[in-house]
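Please treat every number below as a calculation from the coordinates, not as lab data. All figures in this text were calculated on a predicted structure; none of them were measured in a lab. We place every Cβ from the backbone using ideal geometry, glycine too, and count neighbours over all the protein chains shown.
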Amino acid sequence: MNEEESNIFCELHGERQTTFVCEHLAESLCTGQPVGFWCADDYDNPYPDAWCSECEAVVQKRHGEWDDVSEAFAGITLLCSDCYNQAKELNFRTHKSP
Ligand SMILES: [Zn+2]
Ligand SMILES: [Zn+2]
């Protein structure tokens with residue numbers, strides 16, 4: 001893969017790859033409260049865009065589409081790839097697949 005990777009400087013982890021999650025997943029890192037973990041079917045990407053169960057419910061109401069409404073609700077936030085993994089671990093454990 002020759003994709004240009006954009007990096008982010010994380011206060012905790014230093015320079016890492018930039019990832020995108022909903023603000024609720026980002027918040028769960030501070031609160032420690034799991035909110036569910038959903039992500040894009042992007043098998044080439046080790047850090048596909050991710051969102052919580054509430055966001056998933058909004059997306060379902062929008063007929064499964066990401067549009068202005070669902071994106072506004074998600075409030076997409078940047079995380080470093082290490083923070084992303086932490087959020088994934090915290091939330092994936094409690095996530096029940098349908
Ligand atoms: Zn969310
Ligand atoms: Zn980090």
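When exposed loop sites are taken as GluC sites (Glu not before Pro) in a DSSP loop with at most 13 other Cβ atoms within 10 Å, the longest stretch of the chain clear of them is 12-64. The modelled label-to-label distance for the pair Lys61/Glu27, using points 7 Å beyond Cα in the direction of Cβ, is 1.5 nm. Note down the Stokes-Einstein diffusion coefficient of the chain in µm²/s, whole number, using a Kirkwood radius over alpha carbon pairs, 10 °C, and 1.306 mPa s. Rounded, D is 115 µm²/s.
Can you classify segment 7-60 as rounded, prolate or oblate using the Cα gyration tensor, where a ≥ b ≥ c are the square roots of its eigenvalues, rounded means a/c under 1.5, and otherwise it's prolate if a/b beats b/c and oblate if not? Cα axes put segment 7-60 in the oblate bin.
Dimensions of segment 45-89 from C-alpha coordinates, computed as largest minus smallest value along each principal axis and given longest first, are 31, 18, 16 Å.
Mean sequence separation of contacting Cα pairs (under 8 Å, at least six apart), scaled by the length of the chain, corresponds to a relative contact order of 37 percent.
Of all the stretches in the chain, which is the longest one without any exposed loop site, taking trypsin sites (Lys or Arg not before Pro) in a DSSP loop (any state but H, G, I, E, B) with at most 16 other Cβ atoms within 10 Å? Walk me through the numbers on the way to the answer.
Details: sites that count: Arg62, Arg93, Lys96.
Answer - 1-61.
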